[in-house]
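The values are calculated or read from the model by the stated rules, or taken from the named source; none is laboratory data. These numbers were taken from a predicted model, which means no experiment stands behind them. All Cβ positions, glycine included, derive from the backbone under ideal geometry; neighbour counts span all protein chains shown. The accessibility values were calculated without ligands, DNA or RNA, using every heavy atom of the protein model including side chains. Shrake-Rupley method; radii C 1.70, N 1.55, O 1.52, S 1.80 Å.
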Amino acid sequence: LTMKVSLVLVGLLGSQMLPFNWGLYRTNLLLDLQQLPDWLRPFNTWDTQHYVFLVENGYGVNPMSNAFYPLYPYLVWMLSPLVGSHPLIAAWLVANAVSLLVPFYMYKLCRTFLDADQSFRSAALLVSFPTAFFMSVAYTEALYLAVCLAAFYYLVTKHVLRATICCFLFPLVRAQALLFLLPVTVLFLEAVLRPDEKGERATIPQALRVYGPPAAATLAGMGVYFVLC
C-alpha cells in the first residue's frame with residue numbers, strides 16, 4: 001500500500017512538473033476526461049482509454065478497441081455506477097483492488113514449494129520489481145497476474161473447480177493465457193509418468209479429472225471472447 005500511494009504521488013507530481021506529451025495523447029485519443037479534473041489526464045493514456053471506451057460503448061464500435069479482452073472492462077462497468085459513472089475512476093480502483101491479490105497468491109503458490117521466509121521474499125520481490133508500477137494504473141496487468149497465480153496455485157494444490165474457474169477467466173483478460181495449456185500438459189504428463197511420494201502414479205483417467213477441466217476451460221474462455229467479437 002505504501003508503494004502504491006508513493007507511485008500515485010510521483011505520477012501526480014510528475015504531471016504537474018513535467019510537460020505533458022499532447023502529441024502522443026491526441027494520436028491515441030478516444031475519450032478525454034469527461035468532466036473529471038485535468039490532473040487525472042496522465043492516468044487516462046494508452047490502453048486505459050480503450051478499456052474506458054469499451055465500458056461506455058461495448059464491442060463492435062471501434063475495431064482497434066475490439067482487440068482488448070472483456071473481463072477487465074466488464075468489471076469496470078459493474079463498479080462504474082458506484083463512483084458517479086466515471087469509468088476512469090472505476091478502472092483505476094478495479095486494477096488496484098485486484099493487484100492486492102498478486103502478493104497473496106504469489107506467497108501461497110511459493111509456500112507449496114518453499115519455506116515461509118523464501119515465499120515472503122518472493123512475493124516482496126515481485127511487487128517491488130521496477131515494472132510492477134503497471135499494477136497501480138488502469139491496465140490489465142494486475143488482473144492478469146492475479147488470475148494467473150491463482151490458477152497455478154489451485155492447479156498445483158488440485159482444487160479442480162477453483163482452477164477451472166480461474167482458467168476460464170484467464171483468457172478473458174489477455175490472449176497470452178492460451179500459453180497456460182503448456183504447463184497444464186506438463187503437470188498432466190508428470191502425474192502420469194512420475195511416481196509421487198508414495199511411489200504411485202496417477203492413471204490417465206485420474207489425471208484427466210484433475211487437468212482436463214482447466215484445459216477445457218481455458219479454451220472455452222477464449223471462445224467466449226471470439227463470440228463477443
Problem set entry | Selection within the stretch 175-223 - in contact (Cβ under 8 Å) with a residue 60 or more places away in the chain and either loosely packed, with under 14 Cβ neighbours inside 10 Å or out of contact with any Cys (no Cβ under 6 Å at 6 or more places or on another chain) (or both) | 175
Problem set entry | Sole exception among (1) buried (at least 19 other Cβ atoms within 10 Å of the Cβ); (2) within 18 Å of the chain's Cα centre (by Cα); (3) modelled with pLDDT of 95 or more for residue 79, by number | (1)
Exercise. Here is a list of conditions, (1) out of contact with any Gly (no Cβ under 9 Å at 6 or more places or on another chain); (2) open to solvent by 50 Å² or more (accessible area, probe 1.4 Å), and residue 146 meets all of them except one; can you say which number that is?
Worked result: (2)
Exercise. Which ones in the stretch 1-55 are among the acidic types (Asp, Glu) and crowded, with 16+ Cβ neighbours inside 10 Å?
Worked result: 47
Exercise. So which residues in the stretch 110-145 are in contact with a helix residue (DSSP H, G or I) (Cβ under 6 Å, 6 or more places away or on another chain) and in a loop (DSSP other than H, G, I, E, B), if there are any at all?
Worked result: 112, 138, 139, 140
Exercise. Scanning for something more than 19 Å from residue 170 (Cα to Cα), of a type in the set (Gly, Ala, Ser) and part of a helix (DSSP H, G or I), does the stretch 47-59 turn up at least one residue?
Worked result: no
Exercise. For residues in the stretch 105-122 being open to solvent by 80 Å² or more (accessible area, probe 1.4 Å) and among the hydrophobic types (A, V, I, L, M, F, W, C), which is nearest to the chain's Cα centre (by Cα)?
Worked result: 120
For this session: Might you check whether a residue that is modelled with pLDDT under 95 and closer than 28 Å to residue 89 by Cα occurs anywhere in the stretch 177-197?
Result: yes
Problem set entry | the stretch 155-174, subset open to solvent by less than 80 Å² (accessible area, probe 1.4 Å) and among the aliphatic types (A, V, I, L, M), residue farthest from residue 73 (Cα to Cα) | 156
Exercise. Considering the stretch 210-220 alone, what residues qualify as being in contact with a helix residue (DSSP H, G or I) (Cβ under 7 Å, 6 or more places away or on another chain) and not hydrophobic (A, V, I, L, M, F, W, C)?
Worked result: 211, 213, 214, 218
Problem set entry | the stretch 67-111, residues that are β-branched (Val, Ile, Thr) and under 21 Å from residue 159 (Cβ atoms) | 98, 102
Seminar exercise, completed: Only one of (1) open to solvent by 70 Å² or more (accessible area, probe 1.4 Å); (2) in contact (Cβ under 8 Å) with a residue 40 or more places away in the chain does not apply to residue 125, and that is (2)
For this session: Kindly indicate which of 151, 215 is within 20 Å of the chain's Cα centre (by Cα), within 19 Å of residue 102 (Cα to Cα) and not acidic (Asp, Glu).
Result: 151
Exercise. Pick from 107, 154: which is at pLDDT 95 or above, part of a helix (DSSP H, G or I) and in contact with a Phe, Trp or Tyr (Cβ under 8 Å, 6 or more places away or on another chain)?
Worked result: 107
